[in-house]
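Read-outs: derived from the displayed coordinates by stated rules, not from any lab. Every value quoted in this text rests on a predicted model; they were computed, and no experiment measured them. Neighbour counts run over all protein chains shown; Cβ positions are idealised from the backbone, glycine included.
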Amino acid sequence: MPISKGSVAIALASAALVVSCYGTFFKSVSLPNDKSSTEQSSIIVTNMPLNNDSNELSVTQLHNKIISLQRQVTSLKIKNTSIDQEYNNDDFKELVLAVLTEKEQQEIDEMRESNPLYGFYADLPQDYELRIKSDSDYAKKITTQLREQILDPNATDIDRLAALTQLQMNMYILNKSKIPEYDFAVVDNILELAANSDDEKFKIQAIEVITQAPVLDQRLTERFTSLLQHESNDYIRRLAGQGLISQYYQSQSSEDGNSQQIAQHILSLYQHTSDDNVRSVLDEMIGNESMLAELRKHAEG
């Protein structure tokens, strides 16, 4: 009896599918004592009636058996989820990465919520510090943008203070004691925000940053003096005292001739104040004899 090409093709396809099913499913999940797997594999392979006269399957029978095998393969995948593991490695990796990304974002959100002033750190490029150091145009662009944000009345208070914090950080990254974008206008704007804020935490953070400002100006000396004399918060008074002393030390390396004026101002405040709180703060900072002697020296010129 002649064998048709269609019969041969389907027979080969059936054999390939059977071998594939066995190699993929039964090899990976069948255990030596797993009777159900053995029985099921036997069913798949032996449950294919042959034509005893010619030892050949009819085309219709082969077609039906192929469909049956495909259904059994699908069923095995559903019942034996471990089989899908090797096929779903990429999906599993994507799931893990998605979970890690979500966790990282959650930590960033928590940081922003607990301390929004430093939330900008999370938005910086990974190579931010290196780019600031190596690309002067990039550094100039960033510092200019930060100054504009600080002076922008439409920006939120915390965003303006964060911009000043980042500007100050950039200055330290560049290993500079001063940069032109960090001037009195910038400092004065933040002091105004602090003075008009009802948020005590914001006020403290703002003045903490300002006391480290590399800006020498008589108007700053006056602002720090006012805070020292009128602020009810003891910690802010101490910050103001630090700001005053910072102005004095900056004046030592300045050619503006402010050193004598600032020394006279601090000595006068220390000697003539009737406020015990002011006296206490200054006494801690300049009350020792060596510091007083230095101030007197510079006050006399």
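Would region 111-170 count as rounded, prolate or oblate if I go by the C-alpha gyration tensor, calling it rounded below 1.5 in a/c and otherwise prolate when a/b exceeds b/c, oblate otherwise? Since a/c reaches 1.5 but b/c is at least a/b, the shape of region 111-170 is classed as oblate.
Between SER280 and ASP152, the simple label model (points 7 Å from Cα in the Cβ direction) yields a spacing of 4.2 nm.
Taking one equal scatterer on every alpha-carbon of region 124-213, how large is log10 of I(q)/I(0) by Debye at q = 0.11, 0.19, 0.20, 0.26 1/Å? For the requested q values the scattering log ratios are -0.30, -0.84, -0.91, -1.35.
The stretch between ASP234 and ASN175, if pulled fully straight at 0.36 nm per residue, gains 18.0 nm over its current Cα-Cα span. Eigen-decomposition of the gyration tensor built on the alpha-carbon atoms of region 250-301 gives equivalent ellipsoid semi-axes of 21, 11, 9 angstrom, largest listed first.
With the cut-off at 23 Å, tell me which of the pairs LYS140/LYS201; LYS140/LYS203; LYS140/LYS176; LYS178/LYS297 have Cα atoms farther apart than that. Beyond 23 Å: LYS140/LYS201; LYS140/LYS203; LYS178/LYS297.
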